[in-house]
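The values are calculated or read from the model by the stated rules, or taken from the named source; none is laboratory data. This is a predicted model, so every value here is computed, not measured. For neighbour counting, all protein chains shown are included, and Cβ atoms are generated from backbone atoms with ideal geometry for every residue, glycine included. Ligands, DNA and RNA are excluded from the accessible area calculation, which covers all protein heavy atoms including side chains. Shrake-Rupley method; radii C 1.70, N 1.55, O 1.52, S 1.80 Å.
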Amino acid sequence: MSVLLIAIFFSLLISSRPALVANGFRFLTGSKWDPVTDTFQSLPFVIGTLLTSLVALVIATVLSLALAILMGEYFRTGPFASIMRTAVELLAGIPSVVYGFIGLFFFVPAVRLLQEAVGAPPYGVGILTSSLLLAFMILPYSASIGREMVTLVPSDLKEAALSLGATPSETVWKVTLPYARSGILGGVLLSLGRALGETMAVTMVIGNSNTLTFDILGPGNTMASLIANEFSEASGNVYLGSLIEIALLLFAISTVINIAGKIVVNRMAAV
Amino acid sequence: MKISRIAVVALILCAATGLAFSQSIELVGAGATFPAPFYTKLFDEYNKQFGVKVNYQAIGSGGGQTQLKNKTVDFGASDVVVTDEAMKSFPAPFVHIPMVAGAAVVTYNLPGSPELKLTADVVADIFLGRIKRWNDGRIVALNASVSLPNTAITVVHRSDGSGTTAVFSDYLSKVSEDWKSKVGMGQSLNWPAGVGGKGNPGVAGLVKQLPGAIGYVELIYALQNSMAYATLKNKSGNFVKASLASTSAAAMVTIPDDVTKVNLTDTEAPDGYPISTFTWILVYREQNYDNRPKAKVDGMMKLLWWITHDGQQYAEPLSYAKLPKAVVNKAEVILRSVTFGGVPVLK
């Protein structure tokens, strides 16, 4: 596996060589992406990727915490439990282009209402829209890991809490969640990988605007979506190489986030 | 004994089919997606009539150029002309042969879908993000009979690299100095305003969803989906509605010998629609490379000749604009310049 990983890294490195030379360090710090003048700088897409994933992560954490407690604590068996479990598993199997359509038909109008309410340009598409969509896409992964973690909490711990006079909700908050915390967080962080690299669904709802922005209500773009959009018609060594350089950067960012996630999970497990 | 007899029969069968395969010609091409429906129909017809199979992969103009450069295809297809500069990176010189013409239209989402009249500078300033509202004085002045709402204009552009963007930005670069210096011409641009949609359906979908949106799509796409689009003022000062006829008419100008130099955007033609373009097939000028059989080259050149002549009858039913006669004449000259071992393939 690690051979494969290294092979991917080096093939990306070799294919992006013309761009690495031509773009230099400005590739990382600049915010202009202009194929006409062969200016390729990645900041808008790095920020776009991190912003969409981070907002998605926040939404997904809340939702998956709720689902994990519901499925792991209150409905462990019975017809409702199996319906919930199957539904969550099915959500994981839906192709991302279908999620894209769901986004176009449900999230875009909803976000447009929100944008109108706060006085932002009512595009409907944008970073928030794709974050909402991503949150639902990563939910099945984080929720099913979370459920496992919640069911793994030893019942004698919970029984002890209850026998000391704790209410069921106090037991959940003070015993179950602290015990399962690292596992639930680990599940969310693992599913972040999907959010970082998700392409099709994001392209359909993010607005594909290549300017640097921190406004989550406005349109933006992500690294994966940029590659998907421009790769097929990219001509010229530097242009193609720059798109591959974006892929290399995405590869590096996902590696760093994965390692950081592992460290966080280990540290919390140790506490 | 029995087994060996079966083996012999099998061998003969293999050899026979092998021979049959080597006799029939199979060509491989790749490139532009815009003319793909036209090519698919044509290659199918040609196969029925002449028994030459063509495998065409619509991977995009950039991909078509790369595949030709790597010599993995017999011909490449592109919506944009390869610049002299970029041509230097190819292993050998190649020619552009015009196949069919197309156009891009400016479409919008306004109540009642009125038919708007726009001029080049207004279109440029809208897409530069300078004209921000539909009831801007400059739009109202051109459309006195239409009541324009006080809605913000949302620019919708292509997010993927595309020949449609290339022709549209080529037009804007010609008519607006500001566009030329700030944005320029290309298949992908650094857009100053608006949101991006993937492909014609992506742009059309966003325009449909956003009140006050304006975007550009291929003429074929607008016709097939009955979308409202603007009438544009051309270089001669006439307001022209985009149609197959006005697209072909854009090429009614003096055609230079090197057809590659003809650019159909903003031509002098009085009835020509200003955002028109050719789509091209690219083949190496010298076809004797990589041990290619002569028969295959003959087959390919006959096919290209057929597309620019008899094949043109299939263009209009599929909403593509035919090549004007003058362009066909020039295309003939280019087709005849393709050689095999120094000898012209077509007489």
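Which pairs, out of B:K53/B:K302; B:K53/B:K294; B:K71/B:K296; A:K32/B:K174; B:K198/B:K241; B:K294/B:K325, put more than 18 Å between their alpha-carbon atoms?
From B:K53/B:K302; B:K53/B:K294; B:K71/B:K296; A:K32/B:K174; B:K198/B:K241; B:K294/B:K325, over 18 Å: A:K32/B:K174; B:K198/B:K241; B:K294/B:K325.
Shielding of B:187-193 by partners, i.e. mean partner chain Cβ atoms within 10 Å per residue?
Taking all residues of B:187-193 together, the mean is 6.
Read phi for every residue in the range B:218-229 and hand back ³J(HN,Hα) as whole Hz from Karplus 6.51 cos²θ - 1.76 cosθ + 1.60, θ = phi - 60°, with x for Gly and Pro.
5, 4, 4, 5, 5, 5, 5, 10, 5, 9, 6, 9
Say R0 is 41 Å: what FRET efficiency, to the nearest 0.05, do B:V146 and A:V62 get from their beta-carbon distance?
Once rounded, the FRET efficiency stands at 0.25.
Are there chymotrypsin sites (Phe, Trp or Tyr not before Pro) in the range B:257-347 that DSSP marks as loop and that have at most 13 other Cβ atoms within 10 Å, and which are they?
Those satisfying the criteria are B:Y289.
Please report the antiparallel percentage of the DSSP beta bridges confined to the protein assembly as shown, to the nearest 5. Provide the component values of the computation, followed by the final result.
Numbers: 27 of 44 bridges.
Roughly 60 percent of the DSSP beta bridges within the protein assembly as shown come out antiparallel.
Within 15 Å, Cβ to Cβ, of B:S243, how many net charges do the neighbouring residues add up to if Lys/Arg are +1 and Asp/Glu are -1?
-2
Ignoring ligands and nucleic acids, what accessible area does A:V3 show with a 1.4 Å probe (Å², nearest 10)?
Roll a 1.4 Å probe over it and A:V3 shows about 110 Å².
Under the classification rounded if a/c is under 1.5, otherwise prolate if a/b is larger than b/c and oblate if not, where does the protein assembly as shown fall, given a ≥ b ≥ c as square roots of the Cα gyration tensor eigenvalues? Walk me through the numbers on the way to the answer.
Values: a/c = 2.29, a/b = 1.44, b/c = 1.59.
Judged from the Cα gyration tensor, the protein assembly as shown comes out oblate (a/c at least 1.5, b/c at or above a/b).
I want the local charge near B:M301. Using Cβ-Cβ distances under 14 Å, sum +1 for each Lys or Arg and -1 for each Asp or Glu among the other residues.
Net local charge, B:M301 excluded: +3.
Suppose accessible area is computed on protein heavy atoms with a 1.4 Å probe; arrange A:I216, B:I25, A:I14, B:I275 from highest to lowest.
Ranked list, largest accessible area first: A:I14, A:I216, B:I25, B:I275.
Excluding B:V259 itself, calculate the net charge of residues whose Cβ lies under 11 Å from the Cβ of B:V259, where each Lys or Arg counts +1 and each Asp or Glu counts -1.
-1
Please report, largest first and rounded to whole Å, the three semi-axes of the ellipsoid equivalent to the range B:103-276, where each semi-axis is the square root of five times an eigenvalue of the C-alpha gyration tensor.
Numbers: eigenvalues 113, 65, 50 Å².
Each semi-axis is √(5λ); the values are 24, 18, 16 Å.
Please work out how much length the chain gains when fully extended from A:L54 to A:S2, using 0.36 nm per residue of separation minus the C-alpha to C-alpha distance, in nm with one decimal.
In short, 16.0 nm is gained.
For chain B, the longest stretch holding no GluC sites (Glu not before Pro) located in a DSSP loop with at most 16 other Cβ atoms within 10 Å is which?
Details: sites that count: B:E115, B:E268.
Looking at chain B, B:116-267 is the longest stretch - no exposed GluC sites (Glu not before Pro) with at most 16 other Cβ atoms within 10 Å.
Contact order normalised by length for the range B:217-303, with contacts defined as Cα pairs under 8 Å and 6 or more residues apart; what percent is it?
Working: 96 pairs, mean separation 20.7, N = 87.
Worked out over the range B:217-303, it gives 24 percent.
Please work out how much accessible surface A:L90 shows to a 1.4 Å probe, ignoring ligands, DNA and RNA, in Å² rounded to 10.
In the full protein context, A:L90 sits at about 120 Å².
Averaging sequence separations of C-alpha pairs under 8 Å and six or more residues apart, then dividing by the length of the range B:103-276, give the relative contact order as a whole percent.
30 percent
Within the range A:188-245, which chymotrypsin sites (Phe, Trp or Tyr not before Pro) sit in a loop by DSSP and count at most 15 neighbouring Cβ atoms inside 10 Å?
Here the sparse-neighbourhood loop sites are A:F214.
Where does each of B:M185, B:M300, A:M1 land when they are ordered by accessible area, with a 1.4 Å probe and the largest first?
Result of the area sort, largest leading: A:M1, B:M185, B:M300.
Could you point to the residue in B:G215, B:P149, B:S276 farthest towards the positive end of the range B:103-276's charge dipole, with +1 and -1 charges on the Cβ of Lys/Arg and Asp/Glu respectively?
B:P149
Ignoring ligands and nucleic acids, what accessible area does B:I97 show with a 1.4 Å probe (Å², nearest 10)?
Counting only protein heavy atoms, the figure is 0 Å².
If amide hydrogens are placed 1.01 Å from N in the peptide plane, which non-local residues have theirs closer than 5 Å to the one on A:W33?
Hits under the 5 Å cutoff: A:Q41.
Just to make sure I understand: if all protein chains stay in place, what is the order of A:I94, B:I281 by accessible area at 1.4 Å, largest first?
The residues order as A:I94, B:I281, largest area first.
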